[in-house]
Each structure stands twice: as C-alpha cells, then as structure tokens.
Amino acid sequence: MRIGSVLIAEDDMITGIFLRNIFEETGCHVIGVVPSGEEVIECVRHVTPDFIVMDIKLDGLLDGIETAIKIRKEYDIPILFLSASTDEDSINRAMATNPMDYLPKPINTMKLKSIIEALMGREDIYRIPCGSHGRRVQ
C-alpha cells in the first residue's frame, strides 16, 4: 500500500510546516495541519487520511492521546506520535493506543523519513487491525 495522504496534528505551526515539507518531499499528500484534537476528528470524518502524525500536546479540550483513542474506536488509521512529552506516563498512555511508533522531539528527520518510506512500501508492518482499512468501522 502506498501511503498517499497524511493528516498532521500539531499545535506549533512552525513544526507543522516543517512536517508538511518532510511529507511532501517523500511524495505524500498533506491533507492539512490542524492544531486541536477536535479538528483532527472533524477532518477524519470528512476525508480519511492514510496516516496521522499526532503531537500529544494539542490545543483544545482533547490531547493527542485522547484524540487517538477516539479515532481508533472508529477508524483503522495508523498513528505516529511525535512529542516533546517523554515522561513515562505520557509514553505509556500513548503506547496503550497501539500507535505505529512514538518519536520524541526534537524530530529525527532521518528516522521520520525512513518510517514514511516504509509506510509507502508496505501496509502490513504498521497497521493494527481495528476495522476495515482506513474506513469507518461498521
């Protein structure tokens, strides 16, 4: 499976632009860069991305982990956490959502690019089944 589209959930717009550039360089279509969990959920309802990059700290009422939990209940979308939150509690909460990975900030560009390239080549290494691929669970 080729990962064609990505949604970036990032409250820092400079980091969001940086991530957009990395994904576009690798051939991914960036659906958008949104700063809040609520906007992530709304966007996913209208255009289901192939992949979500999620910061843990987001604007709004939902953090990235709570947003991932809500998304995983209805959609089979791989989620990659990128966060400056490296405390044990945050990492444990994030890993409980079955993400494809958790990368600390500052972002290791080479590692992120290798993950993107792997996703563009193979579906089975990162998807964790929870429904019909990239579609709303019935």
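Mind checking the log10 I(q)/I(0) for segment 1-54 at q = 0.28, 0.30 Å⁻¹? Debye, one equal scatterer per Cα, no solvent, two decimals.
Here the Debye-derived log intensity ratios amount to -1.12, -1.22.
Quick one: net charge around Ile31, please, counting Lys, Arg +1 and Asp, Glu -1 for every other residue with C-beta under 14 Å from its C-beta. Walk me through the numbers before you get to the answer.
Values: positive: Arg20, Arg45; negative: Glu10, Glu24, Glu39, Glu42, Asp50.
Charge balance near Ile31 sits at -3.
Provide, as a two-decimal number, the C-alpha radius of gyration of segment 1-113 over 2.2 N^0.38 Å, N being how many residues it has.
Values: Rg = 12.6 Å, N = 113, 2.2 N^0.38 = 13.3 Å.
Relative to the 2.2 N^0.38 Å estimate, segment 1-113 comes out at 0.95.
Put +1 on the Cβ of every Lys and Arg and -1 on every Asp and Glu Cβ in segment 5-121; which of Ile116, Ile31, His46 then has its Cα farthest towards the positive end of the dipole?
Ile116
Taken together, the values in this text are just the output of simple stated rules run on the coordinates, not laboratory data. All figures in this text were calculated on a predicted structure; none of them were measured in a lab. We place every Cβ from the backbone using ideal geometry, glycine too, and count neighbours over all the protein chains shown.
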